[in-house]
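Heads up, the thing below is written out as structure tokens.
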Amino acid sequence: MQLYFRDNMFNRGVTEILDEHQSVAGRLDLKSALGSSIDVYGPQDELVCSGKFKVFSNKWFITDGRGNELGVLRCRFSFFSKKYTYEAAGRGSFDIVAPAFSKEYEILEESGAQTARFEKVSGWFSAGAYLLDNHGERLDTYELITVIMGVHEIQKQNNSAAGGAT
């Protein structure tokens, strides 16, 4: 399943999740300009997932619509690539990798098999838009949207920390 979604300026407000036919397949509620948290709603406007940083943490915690933990995303140190690990509660560990200056990411199972891919796209939507292609069965597509927005939030957090260190 391919879905398009995007961030908003100042990380606040509601944006639509669209399928490849530009039909609405859900929505993102970007909760706050000051803190980082999101809610992801499905096609029937039901809360499917939420993601947020906990206080003084650089890990992105993902819960289902009832508040049960689905997994934790964290950044891994790497010199020449971007690496993240998503520990999906009871479903294993997934690596999220991309070359250093690439906008294309792979989501890999522990075996190394690709379960999904996403890329930052521009032009058709706007800067800050993503295309997700989920062809695996172990992670829900809306959960993956929450993971991808977590990658985006971790990158923003790291960039602001690096900017403050100069």
### Task
Tell me which residues, restricted to region 48-66, are more than 12 Å from the chain's Cα centre (by Cα), surrounded by 13 or more Cβ atoms within 10 Å (Cβ to Cβ) and either of a type in the set (G, A, S) or not in a loop (DSSP other than H, G, I, E, B) (or both).
V48, F53, T63, D64, G65
### Task
Check whether at least one residue in region 40-47 is small (G, A, S), modelled with pLDDT under 90 and surrounded by 12 or more Cβ atoms within 10 Å (Cβ to Cβ), and report yes or no.
no
### Summary
Counting only strands (runs of 3 or more DSSP E) wholly inside region 67-110, the ones holding at least 2 residues that are surrounded by 17 or more Cβ atoms within 10 Å (Cβ to Cβ) and in contact (Cβ under 8 Å) with a residue 60 or more places away in the chain are 69-76, 81-88
### Message
Here's a check for you: in region 48-83, which residue that is at pLDDT 95 or above and out of contact with any strand residue (DSSP E or B) (no Cβ under 7 Å at 6 or more places or on another chain) is nearest to L139 (Cα to Cα)?
### Response
N68
### Query
Would you call T141 in contact (Cβ under 8 Å) with a residue 40 or more places away in the chain and among the polar types (S, T, N, Q)?
yes
### Message
Being within 16 Å of G13 (Cα to Cα) and touching a residue at least 60 places away in the same chain (Cβ under 8 Å) narrows it down to one residue among V48, V40; which is it?
### Response
V40
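Only one of these is out of contact with any Pro (no Cβ under 6 Å at 6 or more places or on another chain), surrounded by 20 or more Cβ atoms within 10 Å (Cβ to Cβ) and assigned to a loop (DSSP other than H, G, I, E, B): L139, L132. Name it.
Working: L132 fails: assigned to a loop (DSSP other than H, G, I, E, B).
On inspection, the qualifying residue turns out to be L139.
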### Query
Across region 111-123, what is the total count of residues that are within 21 Å of R6 (Cβ to Cβ) and in a strand (DSSP E or B)?
6
### Message
If the requirement is being closer than 20 Å to N134 by Cβ, in contact with a Leu (Cβ under 7 Å, 6 or more places away or on another chain) and of a type in the set (A, V, I, L, M, F, W, C), which of these qualifies: V24, V72, V48?
### Response
V24
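The values are calculated or read from the model by the stated rules, or taken from the named source; none is laboratory data. Given the structure is predicted, the values throughout are model-derived calculations rather than measurements. Cβ atoms come from the backbone with ideal geometry, glycine included; neighbour counts cover every protein chain shown.
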